[in-house]
1. Return 134, 125 ranked ascending by Cβ neighbour count within 10 Å, so the fewest neighbours appear first.
2. Compute the length gained on full extension between residue 13 and residue 51: take 0.36 nm times their separation in residues and subtract their Cα-Cα distance, giving the result in nm to one decimal.
3. What ranking do 117-123, 80-86, 164-170 get when scored by the average of other Cβ atoms within 10 Å per residue, highest first?
4. Tell me, 32, 8, 76 in order of fewest to most beta-carbon neighbours within 10 Å?
5. Where does each of 115, 69 land when they are ranked from fewest to most other beta-carbon atoms within 10 angstrom?
6. If you line up the long axis of helix 144-179 against the longest principal axis of the chain, both from Cα atoms, how many degrees apart are they, to the nearest 10?
7. Please give the contour-minus-distance gain from residue 116 to residue 144: 0.36 nm per residue of separation, less the Cα-Cα distance, rounded to one decimal in nm.
8. Got the relative contact order for region 61-112 handy, in percent, Cα pairs under 8 Å and 6 or more residues apart?
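Every number in this text was worked out from the coordinates using simple rules, so none of it is lab data. These numbers were taken from a predicted model, which means no experiment stands behind them. Neighbour counts run over all protein chains shown; Cβ positions are idealised from the backbone, glycine included.
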């Protein structure tokens, strides 16, 4: 997030919502946060809960993309942090750079993405997914050769899952940037250093 010292919308807690929207909070909290009273879900979804139906839709698609796609976790996280880089989303970077490390994305790949050098100097496979995210976010499409390379590596289902994942995180990052969503305490980002 750049340029906004504080969120432009209030962060919603379960008790702030009308009773009819509390089940939406509970569904999102199962995968995005805690149902413990003193441990709220991430600020991203607390902000989106200003529109419970939007938060519900975003949460459902995000749950599928994070936890149920055909994508290998390394490919998934390379794509997500590449989107964070292209959208200048410190928030998404702060959340997903540690996950990328945890699932096995190398320091070399993370640094190349952070400094916007990807795919230069990356292993070919990693570079393809970083470049696909970069092209989709910046151009709104994939060149034929890039599409064919992705499809060759992960097949039609994986390709569709990857494209939807990139589109989802581009939408989410843009919304979080526009809403001025702050990182939770204890998180930091070196994305724009």
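1. Starting with the residue having the fewest Cβ neighbours, the order is 125, 134.
2. Once the chain is fully extended between residue 13 and residue 51, it gains 12.4 nm.
3. With the highest mean Cβ count within 10 Å placed first, the list reads 80-86, 164-170, 117-123.
4. In increasing order of surrounding Cβ atoms, one gets 8, 32, 76.
5. Ordered by Cβ neighbours within 10 Å, fewest first: 115, 69.
6. 30
7. 7.8 nm
8. 36 percent.
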